[in-house]
Amino acid sequence: MFADDVAQMCFNGAKSWQLNWYDDRELELNPLANGGGSQEVTMVGIADYQRTASYNPLPPVITKLRTGTNKDFYLVFNRATGANAQNDEADNLVTLVEANNPMPQTVSSLKWYGGQGSSYVIGNFANSGDDLIIDVVEINDNDNDPWTAKVRFTLDTCTQNLDCDDGNDCNGAETCSAGKCSPGIPLANCW
């Protein structure tokens, strides 16, 4: 099962990036560079790498979230077919791997995997003080076309006080200042 000629299991995004296996389908994002807005990416699994070779633009197979720190994050759509047909886990889900920098001799670890409608938060992304929210917006399982995963990356910044409201009046009114949320002052005798 684990011989090179028979294994059909998932591929680690960080290791695939390191080996440049899909270098024409790598996408590198810096969520801090876009001023706190959202970015969406539609990815295909590595099993559909050849099948989508004529697409314009070419859909990414690996998305790297550059942090500018000693760790980066890598996302892949773990489509369970072809080279990935015998996965042990995360079939047809988006996977997130964290890897130390610099490569090539680095340790990587699976941080999360999720399907349509699921989210993951990377707290204090790149030591920015802001959280990065990763949402799997859609997994398109169309039988005639390659399956795709649409993923949204949102830096949790604020533009108004309402963006910071946690819905709990007892802990005070949260405020937004210079794109950052600040906690409110707790109210006395409130429960």
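FYI, it's all coordinate maths here, none of it is from the lab. The structure presented is a predicted model; accordingly, all values stated were derived computationally and were not measured. So basically every Cβ, Gly included, is an ideal-geometry build from the backbone, and we count neighbours across all protein chains shown.
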- Extension gain Thr52-Ser182, at 0.36 nm per residue separation less the Cα-Cα distance, in nm? 42.2 nm
- Dividing the helical contributions, -39500 (n - 2.57) per DSSP H run of n ≥ 4, by the residues of the chain yields a 222 nm value, nearest 500 deg cm²/dmol, of -500 deg cm²/dmol
- Message: So if I place +1 on the C-beta of Lys and Arg and -1 on the C-beta of Asp and Glu, and nothing else carries charge, what would the dipole magnitude of the chain be about its Cα centre? I want it in debye, nearest 20.
- Response: 440 debye
- Task: Kindly rank 73-79, 170-176, 25-31, 145-151 from highest to lowest mean number of other beta carbons found within 10 Å of each residue.
- Result: 73-79, 145-151, 25-31, 170-176
- What does the highest-first list of 39-47, 178-186 look like by mean Cβ count within 10 Å? 39-47, 178-186
- In nm, to one decimal, how far is the Asn30 label point from the Thr81 one, both placed 7 Å along Cα→Cβ? 3.7 nm
- Using a simple spin-label model with points 7 Å from Cα along the Cα→Cβ vector, what separation in nm is obtained for Asn124 and Thr106? 2.0 nm
- Compute the Cα gyration tensor for the chain, then decide on rounded, prolate or oblate, letting a ≥ b ≥ c be the square roots of its eigenvalues: rounded whenever a/c is under 1.5, prolate when a/b is larger than b/c in the other cases, and oblate in all that remain. prolate
- Task: Would you be so kind as to identify which of Asn142, Pro186, Pro102 lies farthest towards the positive end of the dipole of the chain, taking Lys and Arg as +1 and Asp and Glu as -1 on Cβ and the Cα centre as origin?
- Result: Pro102
- Ordered by packing density, taken as the mean number of other Cβ atoms within 10 Å over each peptide's residues, highest first, how do 80-88, 124-132, 12-20, 159-167 rank? 12-20, 124-132, 80-88, 159-167
